[in-house]
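The structure appears below as C-alpha cells.
The values are calculated or read from the model by the stated rules, or taken from the named source; none is laboratory data. Owing to the predicted nature of the structure, the values given are computational and were not obtained by experimental measurement. Reconstructed Cβ throughout: ideal geometry from the backbone, glycine too, with neighbour counts over all protein chains shown. Heavy atoms of the whole protein, side chains included, go into the accessibility calculation; ligands, DNA and RNA do not. Shrake-Rupley method; radii C 1.70, N 1.55, O 1.52, S 1.80 Å.
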Amino acid sequence: MNWNWFTTARPENGQSAAQGERELLDIAGLGQEALLSRLGATDKGLSTADAVGRRAIYGLNEVTKRKKLGFVAEIFDRLKNPLVIQLLVIAAIFYRTGDLRGAIVVGGMVVLSVFLGYYQETRSSKAVEKLRAMIQTTCAVLRDGKEVEVPMNELVPGDISVLNAGSIIPADLRLLNTKDFFVSQSALTGESMPIEKSCNPLSTTGKTALDLGNVAFQGSNVLSGSARGVVVLTGARTYFGTISAKLAGQRVLTSFDKGVNAFTWLMIRFMIIMVSVVFIIIGLTKHNWSEALLFGIAVAVGLTPEMLPMIVTVNLSKGAMAMSRKKVIVKRLNSIQNIGAMDILCTDKTGTLTQDRVVLERYVDVTNRESEDVLRYAYMNSYYQTGLRNLLDNAILAHSDLDVEKTCRKVDEIPFDFSRRRMSVTIDFEGDHVLICKGAVEEIFSVCDRYQVDDEIHPLIDMLKNDLLEEYQSLSAEGYRVLAVAYREFPQTKEVFSSADEIELVLLGYIAFFDPPKESAGRALEALRVSGVRTKILTGDNSLVSQKVCKDVGLQMDGIMTGNQLRDLSPAQFMSAVEKTTVFARLSPSQKEDIIRALQRNGHVVGFLGDGINDAPAMKAADVGISVDTAVDVAKESADIILLEKSLLVLEDGILEGRKVFGNIIKYIKMGASSNYGNMFSMVGGSLFLPFLPMAPIQVLVNNLLYDFSQIGIPTDRVDPEYLQRPRRWNIDSIKKFMLYIGPTSSIFDYTTFFLMLYVFGCWKFKLASTPAEIKTYYENLFHTGWFVESLLTQTLIVHVIRTNRIPFIQSRGSFGLTFTTLVVMAVAIYLPFSPMAGALALTRLPRSFWLWIALTLACYVTITHIVKTWFIRRFGVD
C-alpha cells in the first residue's frame, strides 16, 4: 500500500502548526476515491500490520502533555519554588557572613523539602498513573475489514473511524459519509451551538481549517447522527494538539490551589512584618545590627512553610490510592478536595437509584391491550439503528429473537438527538418503505395525526389525545418508563429520509420498561444526607416515573419540576426553584447545566454524576464531575472522578476520603500558622526585655528543621468521624483567627520558661557587671537551651491537640506515623544538650529540676490549648 504522501508530509518536531492546517485544506476538496488514494487507505480500513507500521512512524495519538522531567531537571524545577528560593538566599547570606553552621542547617532544610518531596511525590505519582491507566478511552475503527474497538491512542493516519452519538472525535478526520451528523466544537471554538457536518467535497478558497464542513476535529464530540471518516492527522499534529502544545504545563487553578496560595501569601506577608519588627527591635535594643540581621533571617526561615507543597501532594496522592481501593478513580488530584467540599449532588436516577437493569415488561396498543405489532415494529427500529444504542434498545432486542432480515431490509435511518427525543429507521417491508419512529411519548404525539387499533386507523383529533395519553400516564405512575411507537408508509421510490419526514405518523402503541429500585439506594441517600450532602435528581425521564422511583427509595421530595416549567421562570424565580426543588424531570442537557450553575451562584459546591452524552455539559460545569467506567467517551473525558461501580454508596466512600485528605492538610496549615505565630510573638517580646537574643540563630534554624521533620507523618494520620460529617471548604479567615487565638497560648508558656530560666536557674545574673564573661556565656547558653528544648517539645507535641476536636490522647490518638515522628523529634530535643553536637549548636546541659518543670509545662500547655481550642470551636462555629 502506498502511503509515501504521509511519510514525506510528516512535520518534524517543532515545525509550524500551519503544516497540519494546509494538509486539511488540501484534502477537503477531494472526492472519496481520490481522498483514500492520497492517504493510502481503503473504505475497509487498514490491516493490523499496516496500522502497527504507521504507528512506528507517527507515534501514539496523544496530544502534547507536560514533558516528564528527569531526576536532575525535576530537582532543579523544585529548586525554583519561591519558598525554596527564599531558603537558598538565606543560606547564601549565612555563608557570606561566615555563619557556616547556619548555612548547613538551612541547606539541610532545603534537602529535606526538595528530596523528600521528590521521593514521596514520585512514588505517589507512579501509583496514581497506574490508577488512571485503568480508565482507557476507546474508539471504533475498521481494521481488517471489521469494526473493532481500539484504544484511542493507537489510532493512526489512514484508519477509518466509526462515529455515533456520544463518540469523541479521536483525531482530525475527513468525513466519508454522514447521516444527520451534528458535533459540538465548543472545546475548540467556545461556540456552544451544534454544527452540522457533511461528507461532500468543498471549495477551500478563503477558508481556514475550522471553516471546513467535511472535517471533524479531535476534541469535539458527536451530538447526534452517525458518520465514518478517514484519519488525516493524529496526536500533536491535530488542530487540538497544536492548542494543547501551547497550553502544556499551564494548569487552571482550582479552588484548592487558590486556597493553598492564599495561605502561602498570608504567611509571607506575616513573615515580612515580623522579620522587620524583630530586626528593628534587636538592632535598637542590642545595638548590634549584623546580629539583628542574622536573627531576623533565622526568624524568616522559621516562618517559611517549606514543607507545604510536599504535605499537600502526598496527602492528595495517598487519598487517591485510598479512594481507588473503594472503587473511586481520581483523574485530577485536586478534585479530591472538591468532592470533600461538595454539599449538593446532582444525579440521574438510572443506575444510581435504580438497578440499571431495564426489562421490557409490556407492549400494548393505545387501548392498553397487548400488541405483537407494537413489539415487532419496536424490535425492527432497535435492530436496524446504528447510532448510540441505549439500555432500552438492548431490552427490546433481549426480549425476543425475531428474524427480521428475512422479511425486510433497511433503507435509511434518522438518528436520535436530544432536541427531537426520537429516532427512526426506514425499512422495505411488504411492498412499502415504512418509517418506524420510536421515542418520548410527547414527541411522538406531536408528529402523529392518526392512531391504529387492530387493523383500523382513526384520525387523532385533539379531543382523543388526552384519552389516549391516560394509558401512558397510568403506566408511568406505576413506575414504567414508556416510549411510543409510530409509523408511516412511503412509496418505494423514496430512498432518502430526514427528520422532515417525521410527520403525519400513525400512533401504534406503547412499550413499557421497568428498572427496579436498588436495595442499597435508600441507605446511600441517608448516608449522604447524614454527611451533609443533599441529593437532587436531574433526569430526562418523565415526572411520573421519577416520582415513583424516588418514593420507592425513600428520597424526600421537596417539589418536582419539569423542563418546560423551568423554561417559563424568570431568572430570580429560577434561582429560587433550583434551591427548593428536589426532582427535575424532562430536562434538556443545557437545562442540567443551567441548574448546576444556578446552584453554584447560590453558594454551593456541586457535584454531578452522569454517564451519557447529555450529561457532559453539566459535568464540565460542576465543581466535581463524576462518571462511571461504562459511560460514553465524552462523559468519561469530562469527569474528574470515575466510579468503577455506579453506586451512591461507592460515591459516599469517595466523599469521606476527600474530607480526610483535606482534614490532614488543614492540620498542617493550622499547626504551622499558630505555632509560628506563637514563636514569633515570643521572639518579639523576648527581644524587648532580654539582655541577649531569645535564641541563637543556629538554634532557631535547627528547631525549625526538627519541627518540619515531625510533620511528615501528618499524611498518614486518622481523621475523627465527626469531622467527616459535613462538607469541608477553604476558610482563610478561620485560619487567621485560629492563628491569632491559639498562637499566643503557646507564648504564655514561652514566657513562663523565660521567667523560669531567668529567676529559677539564675540567668538574670548575666546582667551583673561583676559576672565573668565565660559565666555570662554559660547563662546565655543555658537560657537559649531551656527555651530551645521547651519550644521544640511543645510545638511538636501540640499537633496532637490541634489534630482533633476531641480530648487528645484519650478520645483520639494520632496515627503510628505521626506518633513516631513526634516521639523521635522530642527524643532528639532532649538528647541534643547532652550530645557531642551541643557545642556546635551553643547548647549546654540543663539542670535535673528543669525536666520536672518542663513536664509540668507540657501538661499545662496541652490542657490549656485544648480548652482554648474547644472555646474557639464553640465561639466561631468552625474547627
Query raised in the report: What are the residue pairs meeting all of these: first residue in region 511-532, first residue without any contact (Cβ under 8 Å) to a residue 40 or more places away in the chain, second residue open to solvent by 30 Å² or more (accessible area, probe 1.4 Å) and part of a loop (DSSP other than H, G, I, E, B), Cβ atoms under 9 Å, and 6 or more apart or on different chains?
Result: GLU519/GLN355; GLY522/GLY554; GLU526/GLY554; ARG529/GLN556
Report task. Please give the helices (runs of 4 or more DSSP H) falling wholly within region 419-534 in which 3 or more residues are of a type in the set (D, E, K, R) and out of contact with any Lys or Arg (no Cβ under 8 Å at 6 or more places or on another chain). Result -> 462-477, 521-530
Query raised in the report: For the subset of region 809-848 comprising residues that are without any contact (Cβ under 8 Å) to a residue 40 or more places away in the chain and among the hydroxyl-bearing types (Ser, Thr, Tyr), which member is least open to solvent (accessible area, probe 1.4 Å)?
Result: SER835
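Could you tell me which of the residues LEU782, LEU846 is more than 27 Å from THR870 (Cα to Cα), at pLDDT below 95 and assigned to a loop (DSSP other than H, G, I, E, B)?
Working: LEU782 fails: assigned to a loop (DSSP other than H, G, I, E, B).
Exactly one residue qualifies, and that residue is LEU846.
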Query raised in the report: Quick one: SER335 ticks every box in (1) at positive phi; (2) at pLDDT 75 or above; (3) not acidic (Asp, Glu) bar one, so which box is it?
Result: (1)
Query - Evaluation of ARG389 against (1) at pLDDT below 85; (2) out of contact with any Leu (no Cβ under 9 Å at 6 or more places or on another chain) (one fails), failing number - result: (2)
Query - Test for ALA440: is it under 45 Å from the mean Cα position of the chain (by Cα), modelled with pLDDT of 80 or more and surrounded by fewer than 18 Cβ atoms within 10 Å (Cβ to Cβ) - result: no
Report summary line: In region 849-861, residues that are within 14 Å of LEU797 (Cβ to Cβ) and surrounded by 17 or more Cβ atoms within 10 Å (Cβ to Cβ) total 4
Report task. Considering every residue within region 398-419, establish whether at least one is surrounded by 21 or more Cβ atoms within 10 Å (Cβ to Cβ) and within 19 Å of ASP365 (Cβ to Cβ). Result -> no
Requested in this report: Could you check LYS326 against (1) within 30 Å of VAL661 (Cα to Cα); (2) open to solvent by 20 Å² or more (accessible area, probe 1.4 Å); (3) part of a strand (DSSP E or B); (4) not polar (S, T, N, Q) and say which number it fails?
Outcome: (3)
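Restricting attention to region 683-692, report how many residues are crowded, with 24+ Cβ neighbours inside 10 Å and either modelled with pLDDT of 85 or more or not in a helix (DSSP H, G or I) (or both).
Taking region 683-692 first, the residues crowded, with 24+ Cβ neighbours inside 10 Å are 683, 687.
Among the residues that remain, those that are also either modelled with pLDDT of 85 or more or not in a helix (DSSP H, G or I) (or both) are: none.
The total comes to 0.
Got a sec? Which of ASP348, ASP343, ASP373 is within 23 Å of LYS592 (Cα to Cα), out of contact with any helix residue (DSSP H, G or I) (no Cβ under 9 Å at 6 or more places or on another chain) and open to solvent by 10 Å² or more (accessible area, probe 1.4 Å)?
Numbers: ASP348 fails: out of contact with any helix residue (DSSP H, G or I) (no Cβ under 9 Å at 6 or more places or on another chain); ASP373 fails: within 23 Å of LYS592 (Cα to Cα).
Being within 23 Å of LYS592 (Cα to Cα), out of contact with any helix residue (DSSP H, G or I) (no Cβ under 9 Å at 6 or more places or on another chain) and open to solvent by 10 Å² or more (accessible area, probe 1.4 Å) holds for just one of ASP348, ASP343, ASP373, which is ASP343.
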**Report entry** Test: residue in region 277-284 that is within 38 Å of the chain's Cα centre (by Cα) and of a type outside the set (Lys, Arg)
**Finding:** no
Query raised in the report: Using beta carbons and a limit of 6 Å, which pairs, at least six apart or on different chains, have the first residue in region 697-710 and under 14 Å from VAL110 (Cβ atoms) and the second one small (Gly, Ala, Ser) and part of a helix (DSSP H, G or I)?
Result: LEU701/GLY102; LEU701/ALA298; ASN704/GLY302; LEU705/GLY108
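Would you check if there is a residue in region 816-835 being touching a Phe, Trp or Tyr at 6+ places or on another chain (Cβ under 9 Å) and in a loop (DSSP other than H, G, I, E, B)? Step through it out loud before you land on a result.
Our first condition is that a residue be touching a Phe, Trp or Tyr at 6+ places or on another chain (Cβ under 9 Å); within region 816-835, this holds for 821, 824-825, 828-830, 832-833.
In the following step, the residues that additionally are in a loop (DSSP other than H, G, I, E, B) were identified as none.
Scanning region 816-835 turns up no residue that is touching a Phe, Trp or Tyr at 6+ places or on another chain (Cβ under 9 Å) and in a loop (DSSP other than H, G, I, E, B).
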**Report entry** Close pairs (6 angstrom Cβ cut-off, 6 or more residues apart or separate chains): of a type in the set (D, E, K, R) in region 469-490, open to solvent by less than 10 Å² (accessible area, probe 1.4 Å) anywhere
**Finding:** ARG481/PHE513; ARG481/VAL545; ARG488/LEU435; ARG488/LEU505; GLU489/VAL434
Report summary line: Among (1) crowded, with 16+ Cβ neighbours inside 10 Å; (2) touching a Lys or Arg at 6+ places or on another chain (Cβ under 9 Å), ASP594 falls short only on (2)
Requested in this report: Inspect all residues belonging to region 356-369 and state whether any of them is under 20 Å from the mean Cα position of the chain (by Cα), surrounded by fewer than 19 Cβ atoms within 10 Å (Cβ to Cβ) and basic (Lys, Arg).
Outcome: no
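I need the strands (runs of 3 or more DSSP E) fully contained in region 142-231, keeping only those with at least 1 residues that are within 19 Å of ASP412 (Cα to Cα), under 32 Å from the mean Cα position of the chain (by Cα) and touching a residue at least 60 places away in the same chain (Cβ under 8 Å).
On the way: elements: 146-151, 160-164, 172-184, 195-197.
In region 142-231, the matching strands (runs of 3 or more DSSP E) lie at 160-164, 172-184.
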Query raised in the report: What residue, among those in region 480-493 that are out of contact with any Leu (no Cβ under 7 Å at 6 or more places or on another chain) and farther than 18 Å from ILE396 by Cα, is surrounded by the most Cβ atoms within 10 Å (Cβ to Cβ)?
Result: GLU489
Query raised in the report: So which pairs qualify, if the first residue must be in region 672-691 and more than 25 Å from VAL260 (Cβ to Cβ), the second must be of a type in the set (Lys, Arg), the Cβ gap must be under 6 Å, and the two must be at least 6 apart or on different chains?
Result: PRO691/LYS767
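Which residue, of PHE816, PHE834, PHE820, PHE788, is within 22 Å of GLY686 (Cα to Cα) and at pLDDT 90 or above?
Sole residue among the options that is within 22 Å of GLY686 (Cα to Cα) and at pLDDT 90 or above: PHE788.
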Report task. Check region 543-563 and report whether any residue there is in contact with a strand residue (DSSP E or B) (Cβ under 7 Å, 6 or more places away or on another chain), open to solvent by less than 70 Å² (accessible area, probe 1.4 Å) and of a type in the set (D, E, K, R). Result -> no
Query raised in the report: Under 8 Å by Cβ, and 6 or more places apart or on different chains, what pairs join a residue from region 755-774 that is under 17 Å from LEU852 (Cα atoms) and at pLDDT 75 or above with one that is open to solvent by 80 Å² or more (accessible area, probe 1.4 Å) and in a helix (DSSP H, G or I)?
Result: LEU756/TRP853; LEU758/TRP764; VAL760/TRP853
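Let me confirm something: among VAL252, VAL312, VAL260, which residue is open to solvent by 40 Å² or more (accessible area, probe 1.4 Å), at pLDDT below 80, within 24 Å of the chain's Cα centre (by Cα) and among the β-branched types (Val, Ile, Thr)?
Unique residue meeting the criteria: VAL252.
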